[in-house]
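In what follows, a single structure is set out as structure tokens and then discussed.
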Amino acid sequence: MNKNEMIAKAISEMSNEQKAQIFPPITRKNFVVRANWLGRNQIITFTNNKGQVITYNHDEALKIMSPKLSIMPCWIKRGYWSQSTNYPSVLKNTSAITNVVDAEGPSAEDIAREQSIIDQYDEMVNLAKSMKPLKPQSLKMPKPQVLANAFCTDDSPI
């Protein structure tokens, strides 16, 4: 019996409470299952791309997914599968997903601030619509007046 087999045997003989002490819950950036984590009863939490915080039991997820995983090249080669966007749909409404916390929405202050900006914008648009456009003739500059007998400081005529 090699070292890995001895470790796997020792883990399989532990209670879930003992496993929880050795393998505490972890937080990751993505959903993952690994063949070498089977038997740990590992609890994993990650945040999906919708901002939901999802907690799952690795062993339960792996048991449910194993028929599909067993034919996937990445699983056959590495014994590893991950997904960064969400958890697999096959796990929806199963015992593998232990908790899903929806993302927090904007605060009341954020909503009020955004509404204030929208209201200010609407006021500016309405004000601009009520203004009369300038006529081209009102933009004409008066002709400069030529001063007769104007002199420079050196008394030469202009």
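The values are calculated or read from the model by the stated rules, or taken from the named source; none is laboratory data. Worth saying up front: this structure is predicted, and the values here are computed from it rather than measured. Using ideal geometry, Cβ is built from the backbone for each residue, glycine included, and neighbour counts are taken over all protein chains shown.
The figures follow:
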item	result
Selected residue [out of contact with any His (no Cβ under 8 Å at 6 or more places or on another chain), within 14 Å of Thr45 (Cα to Cα) and among the aliphatic types (A, V, I, L, M)] from Ile64, Ile97	Ile97
Every pair of residues 6+ apart whose Cβ atoms lie under 6 Å, when the first sits in region 126-137 and is among the polar types (S, T, N, Q) while the second is modelled with pLDDT of 80 or more	none
Residue match in region 73-80 (condition: under 30 Å from Glu13 (Cβ atoms), surrounded by 10 or more Cβ atoms within 10 Å (Cβ to Cβ) and in contact with a Phe, Trp or Tyr (Cβ under 8 Å, 6 or more places away or on another chain))	yes
Residue in region 22-33 that is more than 18 Å from Thr98 (Cα to Cα) and at pLDDT 90 or above present	no
Checklist (1) of a type outside the set (Asp, Glu); (2) at pLDDT below 85; (3) assigned to a loop (DSSP other than H, G, I, E, B) applied to Asn86, failing item	(2)
Single residue of region 36-94 satisfying the filter (charged (D, E, K, R) and under 25 Å from the mean Cα position of the chain (by Cα)) that is farthest from Asn16 (Cα to Cα)	Lys50
